[in-house]
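Following: one structure in structure tokens, then a few remarks.
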Amino acid sequence: MKYYFLFLFFLIFTFPSLAQLSKDDFWNAEIENSSDIVKPYLLSTHPLGIYISRLHHNFNVRSPDKYSFSFDVSSGNVVLPYVKSYELTNPEDREASENLPWYNREYAFNLNQVPSKIKEFSADGVIRSYRFTFTLPITTYHELNFSLRANSLDRGKYPFSVFTSDASIEWFHRNIAGGKDPFSRYHYGINKAGIAYKDENGKVITMNNNDFIIPGIDINYNFYPKLEMNKKHHIYLNFGAQLGINTSKYNPSTDLGISSSILKKMIFKDKNILSFGFSAGALRQHFIEYGDRVNISNQKFLYSFEGLVNYQVKLKNSNRISYSINYNFQSAYNNKKDADYLVLTGERVKTHWQTALSHLYEDLEGWNFMCTYSTKRFSYFVYLREDIKVDNAPDLQTGIGVKMSIKKS
């Protein structure tokens, strides 16, 4: 992973020979007038993360000159069989647990009597994310956008889950990679839907088949400074702030986040644009609290990072088609050090039977592959997300959407 970041850093800042290609005024204008990168809402349909206002990183280089509306829908297949965890509270028990392999700790303690904080979690089904966004340009350098977050849960049957159904994913495992039932879908039963999470205080999150929720609204402000390196080197910066208002009964709170991105653009064949970008940010959870909530995450801050490579092709009719690879990283929902003395119990069917709770103490990673077709007013996009570092939350995710621009009067 670190080599990927270093490679992108090298490409952005050590390509003087390619940068020289853009010195001509015509090529400068071609880059300046190229359409922005249309990036859908790529965050995972995580069964707990959907209740949090996570950062959506921005790789635009200027505020648009038109109002725009976008709507995207994504579907992610989640399979997290039931696991129960005991976070030991006695210092002597913790020390004993730390000296044992995690998979042997269950047999070393009388879990009915040992002092501990107990959590339970299971999730299965296809979680769908619906996001409606309105972008309001203020000036060339400032913009606001407003996003409504919504989610649903279902069993992922055809024809609504062609790629993310249990049957499709298991067909891939059996015939291409992974082997027979590597994640125990058939053992527990395919085409099921349900989420059940209990925190250490006994508070519960539940979601059943065909449930629909609106967990929150996000308000984002973006600033695009005008710098000398914009025209000289085609390197751009932006800064963003996010106010996430969580409206669900499980997490009544407001989150506050900040982020910043850097993007390098280069031109090929007089018209095609190659872009490389980095973005990093931090989200302060529960900046404001206004009710009892379920303890979804014990981290005060969630940190995130994204890397992006985008190649935009200008077609004969002046429309554009773009191909992108995006890497997304998010810090763990729970403190990693707590896992040192965590005792996990569950049905040991496969080698990763413990994933439902163990992955909450690990950083999350995902790769997205996107394709966008843009006309003067509309952009249509599709993407596929895969968790190369397996946590199955979600296992596979696909998305589709449209963006429409309306010229200001």
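Side notes on the structure shown:
- In this structure, residue 241 and residue 99 have a Cβ-Cβ separation that, at R0 = 30 Å, corresponds to a calculated FRET efficiency of about 0.10.
- When each of 264/314; 119/180; 39/337 is checked by Cα-Cα distance, pairs over 28 Å: 119/180; 39/337
- Chain lengthening between residue 92 and residue 256 when straightened (0.36 nm per residue, less Cα-Cα): 55.2 nm
- Cα gyration tensor category, rounded, prolate or oblate, for the range 66-216 with a/c compared to 1.5: oblate
- Within a Gaussian network of the chain (alpha carbon springs, distance under 10 Å), most fluctuating of 263, 227, 342: 227
- Trypsin sites (Lys or Arg not before Pro) restricted to DSSP loop in the range 152-219 with at most 15 other C-beta within 10 Å: 157, 180, 192, 203
- Per residue accessible area of the chain, 1.4 Å probe, in Å²: 46
- Between residue 347 and residue 66, the contour length at 0.36 nm per residue exceeds the alpha carbon distance by 95.7 nm.
- Among the chymotrypsin sites (Phe, Trp or Tyr not before Pro) within the range 156-214, those in coil by DSSP and having at most 15 neighbouring Cβ atoms inside 10 Å are 160, 163.
- Residue order by solvent-accessible surface for 273, 245 is 245, 273, largest first, with ligands and nucleic acids left out and a 1.4 Å probe.
- Net length available on complete extension from residue 375 to residue 400 is 7.3 nm, with 0.36 nm assigned per residue and the Cα-Cα distance removed.
- Taking the square roots of 5 times each eigenvalue of the Cα gyration tensor of the range 23-407, largest first, gives ellipsoid semi-axes of 40, 23, 19 Å.
- For the range 23-407, carbon and sulfur atoms together expose 58% of the accessible surface, with a 1.4 angstrom probe and every protein chain in place.
- Förster radius 45 Å - calculated FRET efficiency between residue 231 and residue 157, Cβ distance, rounded to 0.05: 0.25
The values are calculated or read from the model by the stated rules, or taken from the named source; none is laboratory data. All figures in this text were calculated on a predicted structure; none of them were measured in a lab. Every residue, glycine among them, receives a Cβ derived from its backbone with ideal geometry; neighbour counts consider all protein chains shown. With ligands, DNA and RNA removed, areas are computed over all heavy atoms of the protein, side chains included. Shrake-Rupley method; radii C 1.70, N 1.55, O 1.52, S 1.80 Å.
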